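The values are calculated or read from the model by the stated rules, or taken from the named source; none is laboratory data. Computed from a predicted structure; not experimentally measured. Cβ: placed from backbone, ideal geometry, glycine included. Neighbour counts: every protein chain shown.
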Amino acid sequence: MRRELLDKNPWMEAESAGFGAKGGDYDFSSSKHVSSQQKALGKQSAALESLSKRINKKVLSMFEKVHCIDMYIYIYIHMCIFVYIYLGQVERGP
């Protein structure tokens, strides 16, 4: 199983010296990694909470629907232009 893992991830062989080394890139026993991630999660959760209070979800849903319709119109127009140009070239010849 170890060989299969190393075959799928060639970087592991080069980095294996750092696995389990105190204070290294792959030392996850330290609480500094966990605490920094928990702080980041707390900030993101607070930002999400703040935004969810200020954004009307019904309006956001309507905006997403309009944006989707806009994309369909944009694609349709560009396809029409492409077909018009292509047919013009076909009728005229190369």
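Contact map, segment 1-19: first residue charged (D, E, K, R), second residue surrounded by 10 or more Cβ atoms within 10 Å (Cβ to Cβ), Cβ cut-off under 7 Å, separation 6 or more or different chains; pairs are Glu13/Leu6. Gly23 meets all of the listed conditions (1) at pLDDT below 80; (2) surrounded by 10 or more Cβ atoms within 10 Å (Cβ to Cβ); (3) part of a loop (DSSP other than H, G, I, E, B) but one, namely (2).
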